[in-house]
Amino acid sequence: MDLMRSEIREQPAALAAVRDRVGVRIRAALAEEGPQPAGLRLAGCGDMHFAAEIARAWARLAGARGIEAHRSMDLRWEAATIAPRERVVVASFSGRTPRTIEAARLARAAGARVWAITGNARSPVTEVADRVFVLPTGPAETLAAHRYAGYHANIPQTKTFAATLWAELAIALGSAPPGAARDRALADLDAVPEALAEALPVLEAEAEETAAGLPPIANALVLASGPWLPLAWYGAAKLLEYAIPASGQCIEEVNHLEAFVSDARTLAIFVAPDERSRTRADDLIAAGFEELGVAAARIRTQAGLGSIASVFAMATSLALFASHVAQRLGRDLGRWVGGVRTELIEDLSLRTIRGSEIRDAFAEPPLGSGGL
């Protein structure tokens, strides 16, 4: 049984709950503190970082400025550049990710307003945040039901990513100056749960059809450009979580880099839903990928969706496609890392992530930063 596909079917209802419960609190917080802070930074690890990058890219297209996305550990170096009264949003669904807690501490020491997005109101990250937004996608106690990877099942996660992405887009878009582009994007965001519910049967059928007939592969490239690029990173992560070696890359840069080592064992997955990226994807395939013997797959989105809904549809399509590729390769669809060395990788993850420490050297901004 593919538990991830079952989880994906829960996403529309989960996103509706986030919109109806958390969206109201986000709008109230923006109204109280002001929609345009000195700056806005979004930080997280893994899927939470991909969500930050996606939110930054699409909020910029809606007119927002001064938004940056960081991996949580980046704040070790970036904390000295944070101005007082900047808003720093950290996301950790478990609320226990040490680097994200560290990022929140560094931001707060620099004088920033720290907002936390989590699935657990009693987690450590809430203790270092000025505001906390708890995503209602499931009981908090299920966060501890599995040793490391799972939220409510030990599988590649999708629902937690989608919920965090919705909340970060609400914050990032709400921080943009008023205007038609922002209003249209916020309306699209509010319509995401219903749009995704309507599109889901088509997305599932498309993912299965795209994966059908693919040759056996040893590795994959997920290729995109512009605001779609962070989705390529997310898509590669879902393949990796089924023990399929994969990387996300810019459509243009792959021609300068990964193409040198690609062959008939490589699958190139093109995330190219708009004309700007699709024309370059077609160029690449015609100009050489076919000669290399590389199998190519195009991931589409449901026509007619609003631009923000298309982002969620594309993320869903990539996760569904990863599960179908994993099934063709004989992976265990009910276990994280496809059942390949799962216990070993969980042990390693517990030691290097949950077991890592926040050392005192990073409790304050580095010397010479000008203090608070």
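Worth pointing out:
- Burial order of peptide ranges 6-15, 90-99 (average beta-carbon count within 10 Å, highest first): 90-99, 6-15
- Positive-end ranking of 310, 254, 292 along the dipole of segment 194-347, with charges on Cβ about the Cα centre, is headed by 292.
- Counted charge near residue 66, where neighbours are those whose Cβ lies closer than 13 Å (Asp, Glu -1; Lys, Arg +1): +4
- A cut-off under 13 angstrom between Cβ atoms defines the neighbours of residue 275, and their net charge, with Lys, Arg +1 and Asp, Glu -1, is 0.
- 159, 238 arranged by Cβ crowding within 10 Å, fewest neighbours leading: 159, 238
- Only Lys, Arg, Asp and Glu carry charge here, each on its Cβ (+1 for the first two, -1 for the last two); on that basis segment 3-192 has a dipole of about 140 debye about its Cα centre.
- Going from the residue with the fewest nearby Cβ atoms within 10 Å to the one with the most, 160, 210, 81 rank 81, 210, 160.
- With contacts taken as Cα pairs under 8 Å at a separation of at least 6 residues, segment 3-192 carries a relative contact order of 29 percent.
- Calculation over all alpha carbon pairs of segment 3-192 in 10 angstrom steps from 0 returns a P(r) of 10, 40, 37, 13, 1 percent.
- Counted charge near residue 218, where neighbours are those whose Cβ lies closer than 10 Å (Asp, Glu -1; Lys, Arg +1): 0
- Selected from 186, 54, 15, residue furthest toward positive end of dipole (segment 3-192; charges at beta carbon): 54
- Isotropically averaged projected area of the chain, using the convex hull of Cα atoms (one quarter of hull area), nm²: 17.8
- Cα centroid separation, segment 199-247 to segment 67-96 (Å): 29
- Cα-centred dipole magnitude for the chain, charges only on beta-carbon of K, R (+1) and D, E (-1), debye, nearest 20: 920
- Take the Cα of residue 21, step 7 Å toward its Cβ, do the same at residue 122, and the gap between the two points is 1.6 nm.
- Look at the alpha carbon pairs under 8 Å that are at least 6 residues apart: their mean separation over the length of the chain gives a relative contact order of 21 percent.
- Compactness of segment 194-347 as Cα Rg over 2.2 N^0.38 Å, two decimals: 1.01
- Here's the picture: a label point sits 7 Å out from the Cα of residue 140 along the beta-carbon direction, and within segment 46-67 nothing has its amide nitrogen under 12 Å of it.
- Residue 187-residue 28 pseudo-label distance in nm [points 7 Å out on the Cα-to-Cβ vector]: 2.6
- Projecting the Cα atoms of 268, 339, 321 onto the charge dipole of segment 194-347 (Cβ charges, centred on the Cα centre) puts 339 farthest toward the positive pole.
- Percentage of interatomic Cα-Cα distances in segment 151-264 larger than 17 Å: 70
- Taking a span of 18 Å or more along the helix axis (Cα atoms) and a mean Kyte-Doolittle hydropathy of at least -0.5 as the rule, the DSSP H helices of the chain that qualify are 47-61, 159-174, 192-211, 307-328.
- Extension gain, residue 352 back to residue 283 (0.36 nm per residue minus Cα-Cα distance, nm): 20.7 nm
- Each peptide in 254-263, 181-190 receives the mean, over its residues, of other Cβ atoms within 10 Å, and ordering these scores from highest gives 181-190, 254-263.
All of the numbers you see were taken from the coordinates with simple rules; none came from a lab. Owing to the predicted nature of the structure, the values given are computational and were not obtained by experimental measurement. Cβ: placed from backbone, ideal geometry, glycine included. Neighbour counts: every protein chain shown.
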